[in-house]
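Following: one structure in structure tokens, then a few remarks.
All of the numbers you see were taken from the coordinates with simple rules; none came from a lab. Everything numeric in this text was worked out from a predicted model, so none of it was measured. Don't worry about glycine lacking a Cβ; one is built from the backbone with ideal geometry, like all the others, and counts go over all protein chains shown.
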Amino acid sequence: MTSFFLNTCIILGTWKSLINGVKTNRFDLIHLVMGITNILMQSLLTVDHILFWFLEFYDSIHLIVVFPLLFFIRFTYWPMAWLCACYCTVITRFNHRIFIFIKKVICNFLPHLLLLSVIWSLGFTLIQFKCVMYDFSGCMKGAFNATKKSQLGAFYNFSETLIISLDYFFPFFIIVTSLMVTVSSLLTHIWNMNKAGSDFRQNIQLHVNAARTLMLLLLLSIAFYISTITTLTKTYSLENIVVVVSWVMITMFPTAEGAILIQANPKLRNMFLTWLSAGGLLGCRK
């Protein structure tokens with residue numbers, strides 16, 4: 001419920017700006033996409049957990065949930081990466097031609113980048129879904145002998161890890177690069193302010209907030225990547241503590257990401273506090 005509450009706040013906070021005629025910026029668009037993605041992914045995870053307890057129907061119905069769930073697990077990395085890139089381009093003031101070019105691309109073509117991210121994630125999801133279907137129809141159904149099962153299982157785990165790693169490399173690279181550039185800009189700003197004899201502590205708050213947010217998103221992305229690899233390459237079992245913990249971390253991802261977004265954005269943070277003090281959704285309408 002916490003995930004739905006936090007991400008509903010993010011969606012309505014951005015949607016409220018659209019209704020009131022306020023021009024949305026890059027952050028509003030990404031927040032809206034991330035909020036919708038988190039709610040849909042949380043809903044699918046909840047359905048999958050409920051189906052797991054009905055074991056007689058799980059194998060047949062599970063595949064219906066698998067494809068959209070795999071897609072959202074993959075796609076959720078991209079809005080996070082573009083958000084980090086937006087923080088980096090807004091906060092930092094580098095004059096290098098490459099940096100200026102990247103900033104113009106993000107400013108002018110962000111909707112197109114998000115659309116390309118959807119297509120990219122969908123393509124990798126189709127590839128992975130074929131592996132899942134093959135695994136369900138053959139190896140997991142006992143169609144092969146023990147030796148063949150072991151060989152196919154090892155190949156499947158390697159292919160799964162390779163596909164996920166290739167898919168996550170580019171958004172992860174964007175997140176890490178954005179953090180490094182932001183921290184570098186922060187240190188340069190502190191050096192210049194200190195050299196000029198000014199009190200730099202009063203002029204670096206934006207840099208510090210951006211660096212903290214990027215660091216939290218980086219740590220969250222690493223934890224999510226490890227959990228995804230662990231979950232998708234091993235058979236789910238309540239006796240396997242590592243897999244259970246990984247599933248819990250994946251389930252908590254929409255909540256954690258929503259909390260990070262709200263604490264990083266003053267408008268969303270104020271709206272969230274208004275909800276809490278006014279008793280929820282009714283307080284938002286006042």
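Are any of the pairs LYS103/LYS267; LYS16/LYS130; LYS104/LYS130 more than 32 Å apart by Cα-Cα distance, and if so, which?
LYS16/LYS130; LYS104/LYS130
How far, in nm, would the chain grow between PHE99 and TRP15 when pulled straight, counting 0.36 nm per residue and subtracting the alpha carbon separation?
Full extension of this stretch gives 27.2 nm more.
Karplus couplings for segment 40-45 from phi (6.51 cos²θ - 1.76 cosθ + 1.60, θ = phi - 60°), rounded to Hz, Gly and Pro as x?
5, 5, 5, 5, 5, 5
Please rank HIS96, HIS31, HIS207, HIS49, fewest neighbouring Cβ atoms within 10 Å first, as an exposure proxy.
HIS96, HIS49, HIS207, HIS31
If I take R0 = 35 Å and measure r between the Cβ atoms of ASN25 and VAL244 in this structure, what FRET efficiency does the formula 1/(1 + (r/R0)^6) give, to the nearest 0.05?
0.30
Using the number of other C-beta atoms within 10 angstrom as an exposure proxy, rank ARG93, ARG212, ARG74, ARG26 with the fewest first.
The order, fewest Cβ neighbours first, is ARG93, ARG212, ARG26, ARG74.
Stretch ASN209-VAL176 to full length: gain in nm at 0.36 nm per residue minus the Cα-Cα span?
So the chain would gain 10.3 nm between ASN209 and VAL176.
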